[in-house]
Amino acid sequence: MSHAAAPQTPAPPQDPASASADHPEGTLGLSQATALVVGGVVGTGIFLLPATLAKYGTISILAFALVTVGALAIAVIFGKLGARIPAAGGPYAYAREAFGEFPGFLNAWSFWITAWAGNAGIAVAWVGYVNYFLHWDSTPGRIAIALVGLWVPALINLSGVKNMGAFQLVTTILKFVPLMFVAIVGLFFIEKANFGPFNASGDSFLGALQVSAALVVFAYSGIEGAAVASEKVKDPERNVGRASIYGTLACAAVYMLSTIAVMGNVAHGELVDSSAPFSDALNNMFGGGVWGGIMAAMAIVSGIGALNGWTMLCAEMPYAAAKDGMFPKPFATVSKAGVPGFGILVATILTSVVVAVNYVWSEDAFETILLLATVTTVVPYMFSASAQLFWLVTRERPVSRAALAKDVTIAIVGFLFTLWMVYGAGSDAVLKSLIMLLLGIPVYIWVKASRGEYGPGGKEATYVEDVTIDMRT
């Protein structure tokens with residue numbers, strides 16, 4: 001007769017004070033934490049977004065504004081939660097503290113899927129810009145370029161936090177300053193006739209607004225960067241919130257202004273069919289084909305910087321979950337450089353496989369993966385907003401009525417925003433994302449069993465087994 005092992009209590013989240021001991025490479029200051037947010041959000045997508053949105057008309061600018069409000073609400077929530085729980089893992093830690101270990105696991109699992117699948121999207125777009133110069137259009141050539149784009153950031157991350165942070169700061173500056181130049185200078189060259197109709201989709205006002213907003217929502221994925229890596233952020237109680245808000249505001253500014261500038265400098269009919277809208281805008285502003293090369297170079301820098309930041313995030317949330325016994329143990333291992341090397345390697349390998357499959361079999365299949373990543377992005381956001389709302393309405397600690405009303409309003413806006421994002425992704429993406437989330441349940445069971453937790457308790461399990469034996473007797 002066997003006996004079930006008594007359940008073990010999972011380790012509590014690590015004391016933030018011990019963070020530096022776990023990561024001897026140092027911590028990220030406010031500027032580097034903000035660069036992590038900006039670098040994760042601003043990838044290669046911004047260079048194609050104006051052309052995609054032009055199909056729906058200038059109503060997409062309104063959609064951009066509405067999505068920006070929701071993204072800022074989520075950033076403020078991350079700041080509040082980061083001050084309350086300055087622990088590694090961000091949304092994972094918030095969900096686990098508020099609702100228990102299984103919701104915490106689902107957040108870590110969902111974010112992990114988002115991170116490496118999203119990296120595949122960045123890599124594919126990055127290949128297109130590299131090929132502006134190389135013209136390696138064969139399948140093996142494109143796969144080779146993509147692998148370089150994935151493994152160079154992986155090696156930088158494996159070398160330590162300081163190197164990763166420095167690279168992130170440099171690439172963020174190199175891509176952000178030129179984008180802001182286009183966004184600001186382009187405003188002086190705008191011609192009203194270029195904007196085209198307000199609603200060019202042929203759909204209703206609400207339909208066009210919803211679809212164009214759905215195209216924008218994934219563009220803000222990454223605003224959780226500082227929260228996820230909070231254990232590596234200096235003074236996380238203050239800087240996680242500041243970095244999240246500053247980074248989101250900076251991205252919102254460059255997104256909104258650059259979209260308006262491009263739409264105002266390229267005729268609507270031309271912009272809809274453009275494969276390089278920023279290059280077309282610069283050519284119309286200053287003339288000369290050299291601008292296409294400049295914009296391609298900017299996109300290359302932008303993409304490699306985004307891959308660098310997301311490679312770190314691919315490992316950070318599983319690392320935090322594994323320390324708490326909520327993810328397979330190897331994800332909790334730390335290399336001599338003070339980074340979760342196993343998580344970095346596994347995520348990069350998975351991303352490499354997805355990219356190769358995309359090029360060998362079907363590029364259309366990859367679009368489905370990207371929509372899946374949009375939905376899985378929302379899950380940690382939704383749980384974070386819910387956690388903030390939970391702590392506010394249960395009044396875990398006393399606050400003034402004015403502060404309570406403000407924070408509750410922001411939490412509700414954030415929660416409703418996440419629901420809108422899920423709806424905008426479409427029913428097919430939601431269904432497939434649900435299946436991906438449910439596939440995490442066997443992993444959770446495996447993790448629980450590896451901790452010696454087989455049921456509600458040893459005595460109860462023994463009693464049931466003994467009853468069975470007695471009946472046979």
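Bear in mind that the values in this text are calculations on the coordinates, not laboratory data. The shown structure was predicted, so the numbers you read here are calculated from the model rather than taken from an experiment. Positions of Cβ are backbone-derived with ideal geometry, glycine not excepted, and every protein chain shown enters the neighbour counts.
Put +1 on the Cβ of every Lys and Arg and -1 on every Asp and Glu Cβ in the chain; which of Gly287, Ala98, Ile122 then has its Cα farthest towards the positive end of the dipole?
Value: Ala98.
Counting each DSSP H run of 4 or more residues in the chain as -39500 (n - 2.57), what helix-only mean residue ellipticity at 222 nm follows after dividing by all residues, to the nearest 500 deg cm²/dmol?
-24500 deg cm²/dmol
Count of lysine pairs in the chain with Cα atoms under 24 Å apart, counting only pairs 8 or more residues apart in sequence or on different chains?
20
When Ser204, Ser433 are ordered from fewest to most other Cβ atoms inside 10 Å of their Cβ, what list results?
Ser204, Ser433
Output the peptides 418-429, 113-124 sorted from most to least packed, where packing is the average of other Cβ atoms within 10 Å over each peptide's residues.
113-124, 418-429
Quick one: check the C-alpha center-to-center distance for region 424-440 versus region 183-235, whole angstrom.
23
Is there a quick way to get the dipole size of the chain? I mean about its Cα centre, with the Cβ of Lys and Arg at +1 and of Asp and Glu at -1; what is the value in debye to the nearest 20?
That gives a dipole near 860 debye.
Enter the Cα centre distance for the pair region 96-119 and region 254-290, rounded to the nearest angstrom.
38
Rounded, prolate or oblate: pick one for region 99-225, where a ≥ b ≥ c are the square roots of the eigenvalues of its C-alpha gyration tensor, a/c under 1.5 means rounded, and failing that, prolate if a/b is larger than b/c, else oblate.
Because a/c hits 1.5 or more and a/b fails to exceed b/c, region 99-225 counts as oblate.
Treat each spin label as a single point 7 Å out from the Cα along the C-beta direction, and report the Ile61 to Glu237 distance in nm.
Roughly 4.4 nm, to one decimal.
Please report, ordered by residue number, every helix of the chain (full DSSP H runs) that is 24 Å or longer along its axis going by C-alpha atoms and whose mean Kyte-Doolittle hydropathy reaches -0.5.
Result, helices passing both filters: 59-84, 101-134, 139-158, 161-185, 236-265, 290-323, 341-360, 363-393, 401-425.
Mind checking which of Gly440, Gln388, Ala65 is farthest towards the positive end of the chain's charge dipole, using Cβ charges of +1 (Lys, Arg) and -1 (Asp, Glu) about the Cα centre?
Gln388
Expected output is a single nm value to one decimal: the length gained when fully extending between Ser159 and Ile445, i.e. 0.36 nm times separation in residues minus the C-alpha distance. What is it?
That pair, Ser159 and Ile445, stretches by 99.6 nm at full extension.
Which residue, Ser201, Gly338, Leu372, has the largest displacement toward the positive end of the dipole of the chain when charges sit on each Cβ (Lys, Arg +1; Asp, Glu -1)?
Gly338
How much length would be gained if the chain were fully extended between Phe189 and Asn131, taking 0.36 nm per residue of separation minus their Cα-Cα distance, in nm to one decimal?
Once the chain is fully extended between Phe189 and Asn131, it gains 17.9 nm.
Test of understanding: ordering Cys251, Cys314 by Cβ neighbours within 10 Å, fewest first, what list do you get?
Going from sparsest to densest Cβ surroundings: Cys251, Cys314.
Please list, ordered by chain and number, the residues whose modelled amide H lies under 5 Å from the amide H of Leu28; skip anything fewer than 5 residues away on the same chain.
When sequence neighbours closer than 5 places are left aside, the close amide H contacts are Val233, Lys234.
How large are Rg and Dmax for the chain when calculated on the C-alpha trace, in angstrom?
Expressed in Å, the Cα Rg and Dmax of the chain come to 23.4, 93.
Over the chain, what is the mean sequence separation of C-alpha contacts under 8 Å (at least six apart), divided by residue count, expressed as relative contact order in percent?
Relative contact order here is 33 percent.
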